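Structure record follows, encoded as structure tokens.
Throughout, read-outs are computed from the coordinates displayed, never taken from laboratory work. If you're wondering where the values come from, they're calculated on a predicted model, not measured in any experiment. Cβ placement follows ideal geometry from the backbone for every residue including glycine, while neighbour counts extend to all protein chains displayed.
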Amino acid sequence: MKWSYSTHTKMRRCQRQFAFSQLIANPLAKDPERREAHILKQLKQLSTWQGSLVHEILSTVYLEDITAQRPIDPAKLAVAAQHLAQRQYAFSAARRYREPGLSKKAAGDDYCALYAHEYDQSIAPEAVAEVHQNLALCFEHLASQKEFLATLAAGHGHRAERTLSFRLAGAMITAKPDLLFFAADQQPIVVDWKVGESETSDYSRQLLVYALAIERCGYWPAVRAETTRLYEVNLLKNQIYQHTLTANRLDEAEDFIYRSVVELEALVGAGTSQGFDLDELEVAEHPTTCSYCTFMPLCLRHLEQAGRAEEVALVQGRLW
Ligand code: SF4
């Protein structure tokens, strides 16, 4: 059984959405429904797409700049992101994500599937222009954070999206920090890039899981989780927040993972997905979860087949 923080959030958001995304979707499966679930899994709203573009440039173009000790060039990063956005938009508008035999890997970084293109919804040119403006704004904000950039420049061993894993409660726990590097005193520093307007989200648990993974993955035996510095950097709001890390909070994070793994096992069965039955899974509690769910057509079909008429009406009523 594999567990990650995103597994936990998906499972909590909606059991059925989690099942479509984590257990059913498979691009190589013979079953057409599993291939369809894979395509639906790729669909993004514009705000999510915007965030993924920023992450892509930070983990490639900007990482190369850091490694080569070049100063940040926000205009260069914005142009790279906007070019990528143009290519991805064209790919999605042509619905090339549905091209038979064209895998995500083969399409490379052109690959994109926007929700609006899949469901024939018009996208206002102003909305696309706003995405382009926000891309530029994010890199301008980053360039304005002089103290933080000095911390980045003084570090070494920068790696983007490196997978770290360790075992806990019989599960393989995986974590993939956006950026991980080491200060001159060899203590790890984690950066989690955010590109959102939300004031309510609390990402501290996610970052604490990263600290546990750094200590326990085995790559750096001398490193202790307590000494990790955890930065949440919201590039859209130009805010940097350093999360406090204490032994107590790490204990709580470990306990949180343990409880989440137990919950996951109860949902899908320990070790494999053999115990999993879609028709037994609940629909989402919050209406907005369904409103933005890319799996709605599959979900409705299964609810109908299972004779769950009340829930069909409930989910349909959440369409926007
Ligand atoms: S449509 Fe609603 S209930 Fe169905 S999978 Fe999506 S979020 Fe869950």
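Across the chain, Cα pairs under 8 Å and at least six residues apart give a relative contact order of 19 percent. Evaluating kT/(6 pi eta Rh) at 20 °C and 1.002 mPa s, with the Kirkwood radius of the chain over Cα pairs in the Stokes-Einstein relation, gives 100 µm² s⁻¹.
Taking a quarter of the surface of the Cα convex hull of the range 145-275, what do you get in nm²? Display every interim value, and only then the final one.
Details: hull surface 35.6 nm².
Across all orientations, the range 145-275 yields a mean hull projection of 8.9 nm².
Computed over the chain with a Gaussian network model linking Cα atoms closer than 10 Å, the most mobile of A175, A284, A124 is A124. DSSP beta bridges confined to the range 151-245 are antiparallel in about 75 percent of cases.
Take the Cβ atoms of E99 and D277, set R0 to 30 Å, and the FRET efficiency comes out at 0.35. Helical runs assigned H by DSSP (4 residues or longer) give the chain a calculated mean residue ellipticity at 222 nm of -14500 deg cm²/dmol, each run adding -39500 (n - 2.57) before division by the residue total. Inter-part distance, the range 167-227 to the range 16-37, computed on C-alpha centroids, equals 29 Å.
Only beta bridges with both residues in the chain are counted; by DSSP, about 65 percent of them are antiparallel. Between Q239 and Y258, full extension at 0.36 nm per residue minus the direct alpha carbon distance yields a gain of 3.7 nm. Hey, can you grab everything whose amide H is under 5 Å from the amide H of L168? Only 5+ residues off in sequence or another chain; H modelled, so Pro and N-termini drop out. Under 5 Å from the amide H of L168: I173.
For the range 276-320, compute Rh as the Kirkwood radius over C-alpha pairs and then the Stokes-Einstein diffusion coefficient at 37 °C and 0.692 mPa s; write the answer in µm²/s, rounded to an integer. Please report the intermediate quantities before stating the final value.
Values: Rh = 10.6 Å.
Translational diffusion coefficient: 311 µm²/s.
Give me the net charge of N248's neighbourhood, meaning all other residues with Cβ under 13 Å from the Cβ of N248; Lys, Arg count +1, Asp, Glu -1. Net local charge, N248 excluded: -4.
Once the piece of chain linking Q316 and A154 is laid out straight, how much longer is it, given 0.36 nm per residue of separation minus the C-alpha distance between them? It would help to have the intermediate numbers written out before the result.
Details: separation 162, 0.36 × 162 = 58.32 nm, distance 5.33 nm.
Going from the current span to full extension adds 53.0 nm.
Which part of the range 191-231 falls in the paramagnetic zone of D109, meaning amide N under 19 Å from the point 7 Å along Cα-to-beta-carbon? Backbone N within reach: 193-195. Among the listed pairs K30/K194; K2/K237; K44/K104; K104/K146; K44/K146, those whose Cα-Cα separation exceeds 25 Å are K30/K194; K2/K237; K104/K146; K44/K146.
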